[in-house]
Structure formats: C-alpha cells, structure tokens
1. Take the residue pairs K85/K109; K40/K85; K62/K135 and return only those whose Cα atoms are more than 28 Å apart.
2. Under 5 Å between amide hydrogens, which residues at least 5 positions from S54 or on another chain qualify, with H placed 1.01 Å from N in the peptide plane?
3. For region 99-115, what does the Karplus curve 6.51 cos²θ - 1.76 cosθ + 1.60, with θ = phi - 60°, yield as ³J(HN,Hα) per residue in whole Hz, taken in order and with x for Gly and Pro?
4. So what are the ³J(HN,Hα) numbers for region 64-75, from phi and the Karplus equation (6.51, -1.76, 1.60; θ = phi - 60°), rounded to whole Hz, Gly and Pro as x?
5. Relative contact order, percent, of region 88-137 when contacts are C-alpha pairs under 8 Å separated by at least 6 residues?
6. For a distance above 19 Å, tell me the whole-number percent of Cα pairs in region 98-150 that qualify.
7. How many nm separate the modelled label positions at N63 and V102, each set 7 Å beyond the Cα in the direction of the Cβ?
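Derivation of every value follows stated rules applied to the coordinates shown; laboratory data play no part. Keep in mind it's a predicted model, so treat the numbers as computed, not measured. Note: ideal-geometry Cβ built from the backbone for every residue, glycine included; neighbour counts use all protein chains shown.
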Amino acid sequence: MGILLYFFEGDDTSDNASNYLEEKENIEAIRLLHQEIIDKGKKVSIGEWNDGQSVFLMYELKNGKRLAREYHLQNYDSYMPLLAKIYESNEYKKMVNQVLNVSAEDVSKIKITASGQVDKSITITDRQQLEAAVKALSEDLNNQSFAQMTSSLVIMPP
C-alpha cells in the first residue's frame with residue numbers, strides 16, 4: 001500500500017510526484033494529516049476552491065483500488081507540523097527531487113540558468129565539477145527544512 005501526496009498553489013511537487021510514499025512513517029504521517037483535516041473540517045477548516053492551500057491525497061489500497069481526496073485548507077499553518085514530517089523525510093525528498101536519484105557518473109552536463117533583468121546561464125561539463133555539483137546539490141536538498149522547501153524567495157530591487 002502506498003500514498004501519493006500532492007500540494008498545489010505555488011508548490012511544484014505535483015509535477016514531479018509520480019510515485020507513492022511507502023515507508024511506514026510517511027504513511028502514518030499522511031494518515032494523521034488526513035485525520036486532522038477531516039476533524040478540523042468539522043470546524044470549518046475546509047474552504048472553497050480559492051481559499052488557502054490545496055492538498056490532494058491519493059491512497060493505493062491493498063486490493064489495487066485508488067482512493068483520492070482533495071481539500072482546500074483555510075488554516076494551512078495549523079497543519080505545518082505534520083506536513084514538515086512528510087516533506088523532511090528522505091523518501092519524499094527523493095520523490096520530488098530527481099537529482100537525488102542520479103549518480104554523478106550518469107550526468108554529462110549541468111546547465112544553470114538565472115532569469116531576471118539579465119538572463120545568464122552556465123554549463124558544467126568538467127567531470128570533477130560535475131561530481132562536486134551533484135554532491136553539493138544533493139547535500140543541499142537532503143538538508144533542506146520544511147520551511148526552506150516551502151518558502152518563496154523574493155528579491156527586492158535596490
């Protein structure tokens with residue numbers, strides 16, 4: 001049995017999430033999250049389509065059937081402790097970050113593009129630099145907290 005977890009509105013993990021979470025700790029965390037959503041829904045935490053953050057849960061049951069639910073959470077902040085437990089798990093990070101699933105030996109180049117007032121890019125093809133880049137990216141992604149994973153970086157012009 002596995003559980004697929006999607007988040008919407010500014011969270012691009014739904015594009016990458018093609019697998020189910022299967023580790024017992026993650027399944028339990030998602031069940032607790034789902035139960036809390038249901039319990040709080042009785043107290044008006046589930047809102048209209050354009051209210052708050054959307055969460056989509058899909059369960060694959062032991063019999064192969066799928067059960068899907070979508071909730072629009074008005075008080076998203078109250079779910080953050082449970083969401084953090086899921087987001088910060090290694091299994092979830094590997095599911096949403098493709099670089100965590102590749103070996104540096106399999107990478108032939110990395111292109112980094114900065115967009116803004118001036119678009120610039122750099123391509124890394126040197127073997128040692130590729131290995132260092134994959135290692136650094138993997139370490140950064142593995143060490144990201146829930147807050148870092150879900151915050152939006154806003155740079156104000158001088």
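1. From the list (K85/K109; K40/K85; K62/K135), the Cα-Cα distance tops 28 Å for K85/K109; K62/K135.
2. F8, L73
3. Karplus-based 3J(HN,Hα) across region 99-115 equals 4, 6, 10, 10, 8, 4, 5, 8, 9, 9, 7, 10, 10, 10, 10, 9, 10 Hz.
4. x, 6, 10, 10, 10, 9, 10, 10, 10, 8, 7, 10
5. Details: 38 pairs, mean separation 16.2, N = 50.
It comes to 32 percent, rounded to a whole number.
6. On the way: 545 of 1378 pairs.
Here the long-distance tail beyond 19 Å is 40 percent of all Cα pairs in region 98-150.
7. The modelled label-to-label distance comes out at 4.2 nm.
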